[in-house]
Amino acid sequence: MSYFNFPDIDYANGSVLSSTYSVGNIFYEKNRHNLFLFQNVLNETRFRKGSIPSKLDYVFTSEENIISDMNYGAPLGNSNRVVLSWKVMVVRPDQAEQNDTKFSFWKADYNAISSKLNIVNWQMEFSSKRLRKCGQFLKISC
């Protein structure tokens, strides 16, 4: 959790209410296109008398739906910020799906594979063919 002061970012609607070159817009675009993080705080987190409520606290996760039961609790002491609490879904390694398939790549006869592939004139076979046809040719030939 971190403190951000980007009131122009509207995560609920996926928009930024400021110019393309504003700090809030740059932060939003970097998150959306480069970091691929999910923002989980949907309501305002700061309430100060005489001011418009704002969302200054965010909880970013690298996966969607691992945060549940986001609670916005009463502020502590004289604070004007809510206390956030949530549940995080964690999967123990022994509970994760197991894929026990193991391939013995070291047993392959790479010389025979290479010889078979060198027989085909790939330029001629793939020229003027669409991707799907090339894939079909590979399945039949190899």
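The values are calculated or read from the model by the stated rules, or taken from the named source; none is laboratory data. If you're wondering where the values come from, they're calculated on a predicted model, not measured in any experiment. Here Cβ is always computed from backbone atoms with ideal geometry, including for glycine, and neighbour counts include all displayed protein chains.
List of remarks:
- A single entry from Asn65, Asn13, Asn40 fulfils the requirement of being crowded, with 16+ Cβ neighbours inside 10 Å and either at positive phi or within 19 Å of the chain's Cα centre (by Cα) (or both): Asn40.
Residue-by-condition table, conditions (1) in contact with a strand residue (DSSP E or B) (Cβ under 9 Å, 6 or more places away or on another chain); (2) charged (D, E, K, R):
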position	(1), (2)
Leu35	yes, no
Asn43	yes, no
Val90	no, no
Ala112	no, no
Lys139	no, yes
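- Residues of the range 43-62 that are more than 23 Å from the chain's Cα centre (by Cα), in a loop (DSSP other than H, G, I, E, B) and either of a type in the set (D, E, K, R) or surrounded by 10 or more Cβ atoms within 10 Å (Cβ to Cβ) (or both): Glu44, Thr45, Phe47, Arg48, Lys49, Pro53.
- When each of Lys87, Lys107, Lys116, Lys102 is tested for being loosely packed, with under 10 Cβ neighbours inside 10 Å and at pLDDT 85 or above, the lone residue that passes is Lys107.
- For Asn78, the conditions (1) part of a strand (DSSP E or B); (2) exposed (fewer than 10 other Cβ atoms within 10 Å of the Cβ) all hold with the exception of (1).
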